[in-house]
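The values are calculated or read from the model by the stated rules, or taken from the named source; none is laboratory data. Since this is a predicted model, take the numbers as computed values, not measurements. Every residue, glycine as well, gets a Cβ built from its backbone with ideal geometry; the counts of neighbours run over all protein chains shown.
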Amino acid sequence: MATTPNAAAPADIPGNSRTLSRRWAGADDIAHAITLIAAAVLLLIAVLLVYQLWVLSAEARTKFGWKFFVTEVWDPVSGDFGALPFIYGTLVTSAVALILAVPLGVGAAIFLAELAPPKLSSSLTFVSDLLAAVPSVIYGLLGVFLLVPIMRTTIQPALKATLGFLPFFKGPSYGIGFLTAGIVLAIMIVPFVLSVSREVLLAIPRDQREAALALGATKWESTWKVVVPAARIGIFGSVFLALARALGETMAVTMVIGNNPKIAASLFSPGYSIAAVLANEFSEATGNLYLSALIELGLVLFLLTFVLNGLARLLILVTTSRGSGVLPT
Amino acid sequence: MSVRLMWRKSLNVVMLSLTGVCVLLTVSVLFFILGYLVYNGGKDLSWTFFTHLPAPVGEEGGGMANAILGSLKLLLLAALFGVPIGLLGGVYLAEFGGRTIPFVVRYTADLLNGVPSIVIGIFAYALVVMPMHHFSTLAGGFALGIMVIPTVLRNTESFLTDVPRSLREGAFAMGANKWKMVATVVLPAASRGILTGVLLALARVAGETAPLLFTAFGNRFWSPGWDQPTSSLPVVIYTYATGPYEDWHRQAWAAGLVLLGLVLLTNILVRAFLTRGTAYERS
């Protein structure tokens, strides 16, 4: 009789502590499960995004097939849709933006990574980061009221007078058009080229520079012939990243591109881009076919940026081998 | 000095100065934008701008009180939806994840981050607007929230992994189990960095226009409820800037100044006060 409670008590205490420890471990499991659910929500969103774009564009995809990408007609009234003018406009404006922004961004990155003292470099990079934070509608606002008049009265006539023999600089100067949109885009993507290129350049080991200088190279030669080639893959990565930004950029382009679904060789002529047509026509699209054609455009845009971003991340990963933590968001 | 050497030296000077010019051009754009907006928008900023509804179309005057409130409501929704998911997801990646799932989540987050905002708008339209059959504040907040998640998630993860091992081991040595260690030691240690990420993510979506065009849509009056369309600052700037009236253009400048001021101020304050000694400053 006396031993039973005694025997029960030691048995009870480990028993209690076992349930206690089980309870603690249970709390760990719950925390694990809750955070896992949050991470799973992100995956779910991504899967749903692709699924919705695919399903909702079904009508246009089955009706037009591949023809969608090669026809120029965009006629909501008769229900005839071709994406070519938008794809063309998106590619042309992005190309103009890259031609202007890459030399500027890489040049600035070279200065910040190679020449500027660290304090100056980091404060200038801060300014460039702020530039990346400026909302795109603000760029559009300045584009419409400042850049478009300047383009019309000064830059386009000047280009016509000097380079008018090229097919790109012909036709009347409206101010709006591919060139203006490309310039606005260029200004918007420079900070991305700059910050990633700078990061990549800084990741190149010091010895490389010193070796070149010791061989008698000038500062510029060591930079241009040694450091930049060593960083080139990462710089390409920054360019792809900037290109993905440019392709998907909506508001600023919509406000200055002219919104005219035409294909023209001249950069002066008004055009249209995928993102711009979505911004303008989506909320007013009547009829399922119209909506589904617009969503197919969205799908195209998604796939383009998806591929480019993946490629960019891979390239930057190769040179900095630090993962995408260094990428601007 | 040989001609060749002189050529090399002058090339050196010229090219290096050119890189300096590139920096000057890039950096001056920000000051130019800011100056131009202050010049153009500053004179039309008044008390009325912040407290009054827009005047009827075609009439002059009025303000943007509804757009400012609408933007705040959208941001609140975005924060309520996006921040918890991003935060907890980030904790999962840094603390609980194994190998495969974190890799997939990380990759997906980066992918989602690169999706053009207009496509996010389509997604919110399909998921919220289509079932509800009308535009709503909720749909807009949902779209912005989706854009907040990947940034907060990746940022939270990187600051959590920055917390030194010794802190975790100290917590374990005191008998804490994992969730307690994370909640009372690691998260507080990383809190400034995490908060920075959250605020910067919100500042970024505050200026987003494209995903709101066919989700929150717009409204010339006070939005009657969360399930109704609402006005917002970026959308109003777009509508007014592309509209036909002189007065609209003036108000677009004023609204642009307010929006840019808020976004830049948040960025500067957050980076100045919250990032001392964190990875942000180091980078």
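What number goes with the only condition from (1) over 23 Å from B:SER166 (Cβ atoms); (2) among the hydrophobic types (A, V, I, L, M, F, W, C); (3) within 9 Å of chain A (Cβ to nearest Cβ) that B:TRP179 does not pass?
So the condition that B:TRP179 fails would be (1).
Would you mind telling me which numbered condition in (1) at pLDDT 90 or above; (2) more than 7 Å from chain A (Cβ to nearest Cβ); (3) touching a Lys or Arg at 6+ places or on another chain (Cβ under 9 Å) B:ASP44 fails?
Exception for B:ASP44: condition (1).
Any chance segment B:211-219 includes a residue that's surrounded by fewer than 20 Cβ atoms within 10 Å (Cβ to Cβ) and either more than 7 Å from every other protein chain (Cβ to nearest Cβ) or at positive phi (or both)?
no
Restricting attention to helices (runs of 4 or more DSSP H) lying wholly within segment A:222-296, give those where 1 or more residues are at pLDDT below 90 and under 24 Å from the mean Cα position of the chain (by Cα).
A:228-248
Quick check, is A:ASN280 free of Cβ contacts under 8 Å to residues at least 40 places away in the same chain, among the polar types (S, T, N, Q) and closer than 23 Å to B:GLY114 by Cα?
Details: free of Cβ contacts under 8 Å to residues at least 40 places away in the same chain: yes; among the polar types (S, T, N, Q): yes; closer than 23 Å to B:GLY114 by Cα: yes.
Judged against the criteria, A:ASN280 is a match.
Rundown of residues vs (1) surrounded by fewer than 24 Cβ atoms within 10 Å (Cβ to Cβ); (2) among the hydrophobic types (A, V, I, L, M, F, W, C); (3) more than 8 Å from chain B (Cβ to nearest Cβ), yes/no style:
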| position | (1), (2), (3) |
| --- | --- |
| A:LEU100 | yes, yes, yes |
| A:GLY105 | no, no, no |
| A:PHE111 | no, yes, no |
| A:SER121 | yes, no, yes |
| A:LEU124 | yes, yes, no |
| A:SER128 | no, no, no |
| A:ALA133 | yes, yes, no |
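Go through segment B:128-153 and report how many residues are farther than 27 Å from B:ILE68 by Cβ, hydrophobic (A, V, I, L, M, F, W, C) and out of contact with any helix residue (DSSP H, G or I) (no Cβ under 6 Å at 6 or more places or on another chain).
Total satisfying the criteria: 1.
Could you check how many residues of segment B:85-106 are more than 7 Å from chain A (Cβ to nearest Cβ) and under 20 Å from B:LEU144 (Cα atoms)?
4
Restricting the search to segment B:35-52, which residues are touching a Gly at 6+ places or on another chain (Cβ under 9 Å) and either surrounded by 17 or more Cβ atoms within 10 Å (Cβ to Cβ) or of a type in the set (S, T, N, Q) (or both)?
Those that are touching a Gly at 6+ places or on another chain (Cβ under 9 Å) and either surrounded by 17 or more Cβ atoms within 10 Å (Cβ to Cβ) or of a type in the set (S, T, N, Q) (or both): B:LEU37, B:ASN40, B:GLY41, B:SER46, B:THR48, B:PHE49, B:THR51.
Report yes if some residue within segment B:134-157 is farther than 30 Å from B:GLY41 by Cα, more than 16 Å from the chain's Cα centre (by Cα), assigned to a loop (DSSP other than H, G, I, E, B) and more than 9 Å from chain A (Cβ to nearest Cβ); otherwise report no.
Yes, some residue in segment B:134-157 is farther than 30 Å from B:GLY41 by Cα, more than 16 Å from the chain's Cα centre (by Cα), assigned to a loop (DSSP other than H, G, I, E, B) and more than 9 Å from chain A (Cβ to nearest Cβ).
What number of residues within segment A:62-98 are surrounded by fewer than 22 Cβ atoms within 10 Å (Cβ to Cβ), in contact with a Leu (Cβ under 7 Å, 6 or more places away or on another chain) and of a type in the set (Ser, Thr, Tyr)?
Looking only at that region, the number is 1.
On the given criteria, is B:ALA201 in contact with a Ser or Thr (Cβ under 6 Å, 6 or more places away or on another chain) and within 9 Å of another protein chain (Cβ to nearest Cβ)?
yes
Working only within segment A:142-167, note down all residues that are facing chain B (nearest Cβ under 9 Å) and over 30 Å from A:LEU112 (Cα atoms).
Passing the criteria: A:VAL144, A:PHE145.
Is segment B:226-248 home to any residue that is without any contact (Cβ under 8 Å) to a residue 12 or more places away in the chain and either of a type in the set (Ser, Thr, Tyr) or in contact with a strand residue (DSSP E or B) (Cβ under 7 Å, 6 or more places away or on another chain) (or both)?
Within segment B:226-248 (the criterion being without any contact (Cβ under 8 Å) to a residue 12 or more places away in the chain and either of a type in the set (Ser, Thr, Tyr) or in contact with a strand residue (DSSP E or B) (Cβ under 7 Å, 6 or more places away or on another chain) (or both)), the answer is yes, since at least one residue qualifies.
So if I check each of A:ALA46, A:ALA101, A:ALA60, which one is under 21 Å from the mean Cα position of the chain (by Cα), at pLDDT 90 or above and over 30 Å from B:LEU187 (Cα atoms)?
Just one listed residue meets the conditions, A:ALA101.
Check B:ALA65, B:ALA126 and return the single one that is under 15 Å from B:ALA216 (Cα atoms), surrounded by fewer than 24 Cβ atoms within 10 Å (Cβ to Cβ) and of a type in the set (Gly, Ala, Ser).
B:ALA126
Applying the selection to segment A:294-322, what residues are under 22 Å from A:ALA83 (Cα atoms) and of a type in the set (Lys, Arg)?
Let us first name the residues in segment A:294-322 that are under 22 Å from A:ALA83 (Cα atoms), namely A:294-308.
Answer for segment A:294-322, where residues must be under 22 Å from A:ALA83 (Cα atoms) and of a type in the set (Lys, Arg): there is none.
Within segment A:305-316, which residues are more than 9 Å from chain B (Cβ to nearest Cβ) and either closer than 14 Å to B:LEU112 by Cα or at pLDDT 90 or above (or both)?
The one that is more than 9 Å from chain B (Cβ to nearest Cβ) and either closer than 14 Å to B:LEU112 by Cα or at pLDDT 90 or above (or both): A:VAL307.
Could you tell me which residue of segment A:213-270 is surrounded by the fewest Cβ atoms within 10 Å (Cβ to Cβ), considering only residues that are of a type in the set (S, T, N, Q) and closer than 30 Å to A:ILE176 by Cβ?
Result: A:ASN260.
Kindly establish whether B:THR26 is within 23 Å of A:ILE183 (Cα to Cα), of a type in the set (S, T, N, Q), surrounded by 13 or more Cβ atoms within 10 Å (Cβ to Cβ) and within 26 Å of the chain's Cα centre (by Cα).
yes
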